[in-house]
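The values are calculated or read from the model by the stated rules, or taken from the named source; none is laboratory data. It should be emphasised that the depicted structure is a prediction, and the values quoted were computed from it without experimental measurement. Here the Cβ positions follow ideal geometry from the backbone for every residue, glycine too, while neighbour counts run over all protein chains shown.
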Amino acid sequence: MSDRSVPPSIMRRLALALVMLIPLLPLLPVVSGAAQDKLTVTMVTDTAGLGDQNFNDLAKRGLDRAVTELGVKGEVIESRDAAAYIPNLTQAAEQSDLTVGVGFLLHDAITEIAKQYPDDEFLLIDSVSDAPNVASVTFRENEGAFLAGVVAGLTTKTNKVGVVAGVKIPPVIRYAVGFEAGVKSANPKAQVVVAYADTFDDPALGKELTLAQYNKGVDIVLPVAGRTGIGSFDAAKEKGEGFWVIAGDTDQSQLGADHQLAVATKGVDTAVFTVAKQVVDDQFQGGEQSLGLKEGGVGLSTPGDHVAPDVLAVADQYKQAVIDGRVKVPATDDELKAFQPVAADSLGSATTASPVSATPTS
(Lines give C-alpha, C1' and ligand atoms only; values in the text may rest on other atoms or scores of the structure.)
Protein backbone atom coordinates (compact mmCIF):
# COMPACT_ATOMS: atom_id res chain seq x y z
CA MET A 1 0.00 0.00 0.00
CA SER A 2 1.19 3.52 -0.74
CA ASP A 3 1.88 5.96 2.08
CA ARG A 4 -0.94 8.51 2.19
CA SER A 5 0.10 10.42 5.32
CA VAL A 6 -1.04 14.03 5.57
CA PRO A 7 1.67 16.55 4.75
CA PRO A 8 2.98 18.50 7.79
CA SER A 9 1.86 21.82 6.30
CA ILE A 10 -1.75 20.62 6.16
CA MET A 11 -1.58 19.32 9.72
CA ARG A 12 -0.34 22.69 10.94
CA ARG A 13 -3.27 24.46 9.24
CA LEU A 14 -5.81 22.05 10.79
CA ALA A 15 -4.30 22.49 14.24
CA LEU A 16 -4.43 26.27 13.88
CA ALA A 17 -8.10 26.13 12.82
CA LEU A 18 -9.04 24.02 15.84
CA VAL A 19 -7.26 26.41 18.20
CA MET A 20 -9.24 29.31 16.73
CA LEU A 21 -12.54 27.47 17.19
CA ILE A 22 -12.08 26.68 20.88
CA PRO A 23 -13.16 30.15 22.18
CA LEU A 24 -16.35 29.89 20.12
CA LEU A 25 -17.52 26.58 21.58
CA PRO A 26 -19.58 28.12 24.44
CA LEU A 27 -21.51 30.15 21.86
CA LEU A 28 -22.59 27.15 19.82
CA PRO A 29 -26.21 25.98 20.43
CA VAL A 30 -26.61 22.83 22.46
CA VAL A 31 -29.70 20.75 21.70
CA SER A 32 -30.67 18.94 24.88
CA GLY A 33 -33.10 16.09 25.26
CA ALA A 34 -35.53 18.49 26.97
CA ALA A 35 -35.43 20.87 24.01
CA GLN A 36 -35.96 18.04 21.57
CA ASP A 37 -38.79 16.56 23.63
CA LYS A 38 -40.70 19.62 24.89
CA LEU A 39 -43.49 18.49 27.21
CA THR A 40 -47.05 19.08 26.03
CA VAL A 41 -49.90 20.08 28.31
CA THR A 42 -53.36 19.92 26.73
CA MET A 43 -56.39 21.46 28.37
CA VAL A 44 -59.88 20.17 27.54
CA THR A 45 -62.62 22.69 28.39
CA ASP A 46 -66.15 22.06 29.51
CA THR A 47 -68.97 23.16 27.23
CA ALA A 48 -68.68 26.86 28.19
CA GLY A 49 -65.29 26.90 26.47
CA LEU A 50 -62.81 29.73 26.20
CA GLY A 51 -64.19 33.23 26.35
CA ASP A 52 -66.38 32.53 29.38
CA GLN A 53 -64.31 35.23 31.17
CA ASN A 54 -64.47 32.96 34.16
CA PHE A 55 -63.65 29.30 34.89
CA ASN A 56 -62.19 28.08 31.57
CA ASP A 57 -60.35 31.33 30.92
CA LEU A 58 -58.89 31.09 34.42
CA ALA A 59 -57.58 27.59 33.69
CA LYS A 60 -56.11 28.88 30.41
CA ARG A 61 -54.29 31.55 32.38
CA GLY A 62 -52.55 28.80 34.34
CA LEU A 63 -51.67 27.01 31.10
CA ASP A 64 -50.26 30.20 29.60
CA ARG A 65 -48.12 30.67 32.70
CA ALA A 66 -46.79 27.13 32.32
CA VAL A 67 -45.88 27.85 28.70
CA THR A 68 -44.06 31.04 29.67
CA GLU A 69 -42.31 29.91 32.83
CA LEU A 70 -41.84 26.17 32.30
CA GLY A 71 -41.30 26.07 28.55
CA VAL A 72 -44.00 23.50 27.90
CA LYS A 73 -46.11 23.38 24.77
CA GLY A 74 -49.69 24.35 25.58
CA GLU A 75 -52.73 23.16 23.66
CA VAL A 76 -56.46 23.71 24.16
CA ILE A 77 -59.32 21.53 22.93
CA GLU A 78 -62.77 23.06 23.37
CA SER A 79 -65.79 20.86 24.00
CA ARG A 80 -68.90 21.92 22.12
CA ASP A 81 -71.09 19.48 24.01
CA ALA A 82 -70.80 16.68 26.57
CA ALA A 83 -70.54 14.08 23.81
CA ALA A 84 -67.19 15.62 22.85
CA TYR A 85 -65.54 14.93 26.21
CA ILE A 86 -64.41 11.37 25.42
CA PRO A 87 -62.96 12.05 21.94
CA ASN A 88 -61.38 15.30 23.10
CA LEU A 89 -59.73 13.69 26.11
CA THR A 90 -58.59 10.77 23.95
CA GLN A 91 -56.95 13.18 21.51
CA ALA A 92 -55.34 15.02 24.39
CA ALA A 93 -53.98 11.82 25.92
CA GLU A 94 -52.51 10.76 22.60
CA GLN A 95 -50.62 14.03 22.14
CA SER A 96 -49.78 15.13 25.67
CA ASP A 97 -47.65 14.54 28.73
CA LEU A 98 -50.38 16.07 30.90
CA THR A 99 -54.08 16.20 30.05
CA VAL A 100 -56.19 18.71 32.00
CA GLY A 101 -59.94 18.22 32.35
CA VAL A 102 -61.47 21.57 33.27
CA GLY A 103 -64.50 21.04 35.44
CA PHE A 104 -66.69 18.67 37.39
CA LEU A 105 -68.64 17.73 34.27
CA LEU A 106 -65.59 15.93 32.81
CA HIS A 107 -65.29 13.54 35.78
CA ASP A 108 -66.66 10.37 34.19
CA ALA A 109 -64.94 10.94 30.86
CA ILE A 110 -61.49 11.66 32.26
CA THR A 111 -61.71 8.69 34.61
CA GLU A 112 -62.52 6.41 31.69
CA ILE A 113 -59.72 7.76 29.48
CA ALA A 114 -57.16 7.80 32.31
CA LYS A 115 -57.75 4.09 32.87
CA GLN A 116 -57.22 3.46 29.16
CA TYR A 117 -53.90 5.36 29.32
CA PRO A 118 -52.46 4.19 32.66
CA ASP A 119 -48.96 5.47 31.87
CA ASP A 120 -50.18 9.00 31.11
CA GLU A 121 -50.79 11.79 33.61
CA PHE A 122 -54.03 13.72 34.06
CA LEU A 123 -55.38 16.65 36.07
CA LEU A 124 -59.07 16.98 36.92
CA ILE A 125 -60.38 20.25 38.31
CA ASP A 126 -63.39 20.32 40.67
CA SER A 127 -63.95 16.59 41.13
CA VAL A 128 -62.19 13.48 42.43
CA SER A 129 -61.36 10.56 40.14
CA ASP A 130 -60.51 7.09 41.42
CA ALA A 131 -57.98 6.59 38.60
CA PRO A 132 -54.51 6.54 40.22
CA ASN A 133 -52.92 8.58 37.42
CA VAL A 134 -55.30 11.53 37.91
CA ALA A 135 -54.41 14.46 40.17
CA SER A 136 -57.81 15.61 41.41
CA VAL A 137 -57.86 19.20 42.66
CA THR A 138 -61.00 20.40 44.40
CA PHE A 139 -61.66 23.67 46.16
CA ARG A 140 -63.60 24.56 49.27
CA GLU A 141 -65.45 27.29 47.41
CA ASN A 142 -67.85 27.58 50.33
CA GLU A 143 -65.10 29.18 52.43
CA GLY A 144 -64.32 31.97 49.98
CA ALA A 145 -68.01 32.45 49.27
CA PHE A 146 -68.65 32.74 53.00
CA LEU A 147 -66.39 35.81 53.13
CA ALA A 148 -68.18 37.23 50.08
CA GLY A 149 -71.45 36.65 51.92
CA VAL A 150 -70.15 38.56 54.93
CA VAL A 151 -69.30 41.49 52.66
CA ALA A 152 -72.71 41.31 50.96
CA GLY A 153 -74.56 41.06 54.25
CA LEU A 154 -72.83 44.14 55.63
CA THR A 155 -73.07 46.16 52.40
CA THR A 156 -76.63 45.56 51.20
CA LYS A 157 -79.00 48.49 51.58
CA THR A 158 -82.12 46.42 50.94
CA ASN A 159 -81.34 43.40 53.12
CA LYS A 160 -81.86 41.26 50.02
CA VAL A 161 -79.04 39.62 48.05
CA GLY A 162 -78.98 36.91 45.41
CA VAL A 163 -77.12 34.07 43.71
CA VAL A 164 -77.41 33.32 39.99
CA ALA A 165 -76.05 29.81 39.59
CA GLY A 166 -75.29 27.64 36.59
CA VAL A 167 -75.74 23.87 36.79
CA LYS A 168 -76.49 22.39 40.21
CA ILE A 169 -73.24 20.50 40.74
CA PRO A 170 -71.20 20.29 43.97
CA PRO A 171 -68.80 23.21 43.32
CA VAL A 172 -71.71 25.52 42.49
CA ILE A 173 -73.69 24.31 45.49
CA ARG A 174 -70.69 25.00 47.74
CA TYR A 175 -70.56 28.57 46.43
CA ALA A 176 -74.27 29.19 47.00
CA VAL A 177 -74.37 27.53 50.42
CA GLY A 178 -71.24 29.23 51.72
CA PHE A 179 -72.43 32.62 50.49
CA GLU A 180 -75.77 32.30 52.28
CA ALA A 181 -74.06 31.18 55.49
CA GLY A 182 -71.83 34.26 55.37
CA VAL A 183 -74.74 36.61 54.71
CA LYS A 184 -76.77 35.17 57.58
CA SER A 185 -73.83 35.33 59.97
CA ALA A 186 -73.08 38.98 59.21
CA ASN A 187 -76.67 40.15 58.82
CA PRO A 188 -79.42 37.85 60.17
CA LYS A 189 -82.06 40.20 58.73
CA ALA A 190 -80.89 39.70 55.15
CA GLN A 191 -82.64 37.39 52.70
CA VAL A 192 -80.79 35.32 50.09
CA VAL A 193 -82.51 34.50 46.77
CA VAL A 194 -81.03 31.68 44.65
CA ALA A 195 -81.83 30.98 40.97
CA TYR A 196 -80.35 28.22 38.81
CA ALA A 197 -79.93 28.74 35.07
CA ASP A 198 -79.12 25.04 34.45
CA THR A 199 -76.44 26.12 31.98
CA PHE A 200 -72.99 27.67 32.02
CA ASP A 201 -73.29 29.11 28.53
CA ASP A 202 -76.21 31.55 28.28
CA PRO A 203 -75.40 35.19 29.13
CA ALA A 204 -78.88 36.31 28.02
CA LEU A 205 -80.49 34.00 30.57
CA GLY A 206 -78.01 35.16 33.19
CA LYS A 207 -79.06 38.73 32.57
CA GLU A 208 -82.74 37.80 32.72
CA LEU A 209 -82.38 35.97 36.04
CA THR A 210 -80.30 38.77 37.54
CA LEU A 211 -82.74 41.49 36.44
CA ALA A 212 -85.56 39.46 37.97
CA GLN A 213 -83.73 39.50 41.29
CA TYR A 214 -82.84 43.19 41.07
CA ASN A 215 -86.44 44.03 40.27
CA LYS A 216 -87.53 42.23 43.44
CA GLY A 217 -85.28 44.24 45.72
CA VAL A 218 -81.96 42.43 45.49
CA ASP A 219 -79.03 44.85 45.25
CA ILE A 220 -76.06 42.44 45.28
CA VAL A 221 -75.78 39.28 43.16
CA LEU A 222 -73.16 36.53 43.15
CA PRO A 223 -73.13 34.77 39.74
CA VAL A 224 -71.63 31.27 39.81
CA ALA A 225 -72.46 30.34 36.25
CA GLY A 226 -69.49 30.53 33.90
CA ARG A 227 -70.34 32.41 30.71
CA THR A 228 -73.94 32.74 31.91
CA GLY A 229 -72.65 35.04 34.64
CA ILE A 230 -71.61 37.64 32.07
CA GLY A 231 -75.29 38.53 31.96
CA SER A 232 -75.23 39.55 35.63
CA PHE A 233 -72.82 42.36 34.81
CA ASP A 234 -75.00 43.37 31.87
CA ALA A 235 -77.97 43.56 34.23
CA ALA A 236 -76.09 45.64 36.81
CA LYS A 237 -74.96 48.11 34.17
CA GLU A 238 -78.51 48.37 32.84
CA LYS A 239 -79.92 49.04 36.31
CA GLY A 240 -77.22 51.57 37.18
CA GLU A 241 -75.92 52.94 40.44
CA GLY A 242 -76.48 50.87 43.57
CA PHE A 243 -76.62 47.47 41.86
CA TRP A 244 -73.68 45.21 42.51
CA VAL A 245 -72.08 41.95 41.37
CA ILE A 246 -69.69 39.82 43.38
CA ALA A 247 -67.62 37.90 40.84
CA GLY A 248 -66.94 34.20 41.30
CA ASP A 249 -63.55 32.54 40.65
CA THR A 250 -61.70 35.54 39.23
CA ASP A 251 -61.65 39.31 38.87
CA GLN A 252 -64.11 40.31 36.13
CA SER A 253 -63.51 44.05 36.21
CA GLN A 254 -63.42 44.04 32.42
CA LEU A 255 -67.15 43.30 32.45
CA GLY A 256 -68.07 46.24 34.67
CA ALA A 257 -65.53 47.48 37.20
CA ASP A 258 -67.91 50.11 38.56
CA HIS A 259 -70.38 47.40 39.57
CA GLN A 260 -68.01 44.69 40.83
CA LEU A 261 -68.18 44.86 44.60
CA ALA A 262 -65.71 42.04 45.33
CA VAL A 263 -64.42 38.70 44.07
CA ALA A 264 -64.72 35.26 45.64
CA THR A 265 -61.45 33.94 44.25
CA LYS A 266 -60.61 30.37 43.25
CA GLY A 267 -57.10 29.29 42.24
CA VAL A 268 -57.87 27.21 39.17
CA ASP A 269 -54.96 28.83 37.34
CA THR A 270 -52.59 28.01 40.17
CA ALA A 271 -53.71 24.38 40.19
CA VAL A 272 -53.03 24.00 36.46
CA PHE A 273 -49.59 25.60 36.73
CA THR A 274 -48.62 23.65 39.86
CA VAL A 275 -49.45 20.24 38.43
CA ALA A 276 -47.78 21.12 35.12
CA LYS A 277 -44.64 21.97 37.08
CA GLN A 278 -44.86 18.64 38.89
CA VAL A 279 -44.87 16.89 35.51
CA VAL A 280 -41.92 18.95 34.28
CA ASP A 281 -40.00 18.17 37.49
CA ASP A 282 -40.95 14.48 37.28
CA GLN A 283 -42.77 14.80 40.60
CA PHE A 284 -46.36 14.19 39.50
CA GLN A 285 -48.61 12.53 42.05
CA GLY A 286 -52.13 11.27 41.51
CA GLY A 287 -54.78 11.58 44.19
CA GLU A 288 -56.91 14.26 45.78
CA GLN A 289 -55.93 17.76 46.85
CA SER A 290 -58.50 19.98 48.60
CA LEU A 291 -57.72 23.68 48.68
CA GLY A 292 -59.45 26.22 50.90
CA LEU A 293 -58.66 29.40 52.80
CA LYS A 294 -55.87 27.74 54.80
CA GLU A 295 -54.06 26.61 51.64
CA GLY A 296 -54.70 29.86 49.76
CA GLY A 297 -56.83 28.05 47.20
CA VAL A 298 -59.82 30.35 47.68
CA GLY A 299 -60.23 33.81 49.11
CA LEU A 300 -61.70 37.27 48.82
CA SER A 301 -60.35 40.21 46.84
CA THR A 302 -61.62 43.74 46.25
CA PRO A 303 -60.01 45.05 43.04
CA GLY A 304 -62.07 48.25 42.89
CA ASP A 305 -61.81 49.17 46.58
CA HIS A 306 -65.59 49.47 46.78
CA VAL A 307 -65.85 47.68 50.14
CA ALA A 308 -65.68 49.75 53.31
CA PRO A 309 -62.56 49.13 55.45
CA ASP A 310 -64.57 48.18 58.54
CA VAL A 311 -66.44 45.56 56.51
CA LEU A 312 -63.16 44.12 55.28
CA ALA A 313 -61.91 44.00 58.87
CA VAL A 314 -64.89 41.84 59.82
CA ALA A 315 -64.33 39.62 56.78
CA ASP A 316 -60.71 39.16 57.86
CA GLN A 317 -61.90 38.21 61.32
CA TYR A 318 -64.15 35.52 59.87
CA LYS A 319 -61.35 34.33 57.58
CA GLN A 320 -59.08 33.66 60.52
CA ALA A 321 -61.88 31.92 62.38
CA VAL A 322 -62.45 29.58 59.42
CA ILE A 323 -58.73 28.86 59.11
CA ASP A 324 -58.50 28.17 62.84
CA GLY A 325 -61.51 25.85 62.69
CA ARG A 326 -63.67 28.01 64.94
CA VAL A 327 -66.20 28.43 62.13
CA LYS A 328 -67.10 25.41 60.00
CA VAL A 329 -68.66 26.66 56.79
CA PRO A 330 -71.44 24.45 55.37
CA ALA A 331 -70.82 22.85 51.98
CA THR A 332 -74.17 21.21 51.18
CA ASP A 333 -77.83 22.16 51.40
CA ASP A 334 -78.30 19.82 54.36
CA GLU A 335 -75.34 21.36 56.19
CA LEU A 336 -76.75 24.81 55.53
CA LYS A 337 -80.06 23.83 57.11
CA ALA A 338 -78.23 22.74 60.24
CA PHE A 339 -75.86 25.73 60.28
CA GLN A 340 -76.11 28.19 63.15
CA PRO A 341 -75.03 31.67 62.00
CA VAL A 342 -71.94 32.91 63.81
CA ALA A 343 -72.05 36.56 64.85
CA ALA A 344 -68.85 38.53 64.39
CA ASP A 345 -68.88 39.77 67.99
CA SER A 346 -68.66 36.17 69.18
CA LEU A 347 -65.31 35.71 67.42
CA GLY A 348 -63.22 38.06 69.47
CA SER A 349 -61.02 40.98 68.53
CA ALA A 350 -62.36 42.89 65.51
CA THR A 351 -65.01 45.56 65.82
CA THR A 352 -68.36 44.49 64.39
CA ALA A 353 -69.38 46.54 61.37
CA SER A 354 -72.88 47.79 60.78
CA PRO A 355 -74.41 47.56 57.29
CA VAL A 356 -72.89 50.31 55.13
CA SER A 357 -73.46 51.72 51.69
CA ALA A 358 -71.24 51.41 48.67
CA THR A 359 -71.45 53.63 45.63
CA PRO A 360 -70.23 52.83 42.13
CA THR A 361 -67.55 55.16 40.84
CA SER A 362 -68.59 57.26 37.89
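From Asp119, Asp97, grab the single residue that is acidic (Asp, Glu), farther than 25 Å from Leu291 by Cα, more than 16 Å from the chain's Cα centre (by Cα) and not assigned by TED's automatic domain parsing to the domain that holds Val245.
Exactly one residue qualifies, and that residue is Asp119.
Criterion first (small (Gly, Ala, Ser) and modelled with pLDDT of 95 or more) does Gly74 satisfy it?
For Gly74, the condition - small (Gly, Ala, Ser) and modelled with pLDDT of 95 or more - is met.
When you check Asp219 against the structure, is it of a type in the set (D, E, K, R), surrounded by 20 or more Cβ atoms within 10 Å (Cβ to Cβ) and touching a Lys or Arg at 6+ places or on another chain (Cβ under 7 Å), yes or no?
So Asp219 fits the description; yes.
Could you give every pair whose Cβ atoms fall below 6 Å, whose first residue belongs to segment 111-131 and is under 22 Å from Pro171 (Cα atoms), and whose second residue is charged (D, E, K, R) and at pLDDT 95 or above, counting only separations of at least 6 or pairs across chains?
That search, which allows pairs on different chains as well, returns Val128/Glu288; Ala131/Lys115.
If only one of Gly149, Gly231, Gly226, Gly178 is modelled with pLDDT under 95 and in contact with a Gly (Cβ under 9 Å, 6 or more places away or on another chain), which one is it?
Gly226
Within segment 183-190, identify whether any single residue is assigned by TED's automatic domain parsing to the domain that holds Asp249, at pLDDT 95 or above and over 23 Å from Glu335 (Cβ atoms), and answer yes or no.
No, because not a single residue in segment 183-190 is assigned by TED's automatic domain parsing to the domain that holds Asp249, at pLDDT 95 or above and over 23 Å from Glu335 (Cβ atoms).
Output yes when any residue across segment 46-57 is crowded, with 24+ Cβ neighbours inside 10 Å, part of a helix (DSSP H, G or I) and touching a strand residue (DSSP E or B) at 6+ places or on another chain (Cβ under 8 Å), and no when none is.
yes
Just to check your reading of the model, which residue among Gly231, Gly267, Gly297 is touching a residue at least 24 places away in the same chain (Cβ under 8 Å) and farther than 30 Å from Pro118 by Cα?
Going through Gly231, Gly267, Gly297 in turn, the sole match is Gly231.
Can you pull out every residue in segment 65-88 that is surrounded by 13 or more Cβ atoms within 10 Å (Cβ to Cβ), charged (D, E, K, R) and in a loop (DSSP other than H, G, I, E, B)?
The one that is surrounded by 13 or more Cβ atoms within 10 Å (Cβ to Cβ), charged (D, E, K, R) and in a loop (DSSP other than H, G, I, E, B): Glu78.
Within 17 Å of Ala165 (Cα to Cα) and either in a strand (DSSP E or B) or under 19 Å from the mean Cα position of the chain (by Cα) (or both): does that describe Gly229?
Yes, satisfied.
Among the residues of segment 20-40, are any surrounded by 10 or more Cβ atoms within 10 Å (Cβ to Cβ), at pLDDT 85 or above and not in a loop (DSSP other than H, G, I, E, B)?
yes
Among the residues of segment 255-275, is there at least one that is surrounded by fewer than 24 Cβ atoms within 10 Å (Cβ to Cβ), more than 22 Å from the chain's Cα centre (by Cα), assigned by TED's automatic domain parsing to the domain that holds Asp97 and closer than 24 Å to Asp64 by Cα?
Among the residues of segment 255-275, not one is surrounded by fewer than 24 Cβ atoms within 10 Å (Cβ to Cβ), more than 22 Å from the chain's Cα centre (by Cα), assigned by TED's automatic domain parsing to the domain that holds Asp97 and closer than 24 Å to Asp64 by Cα, which makes the answer no.
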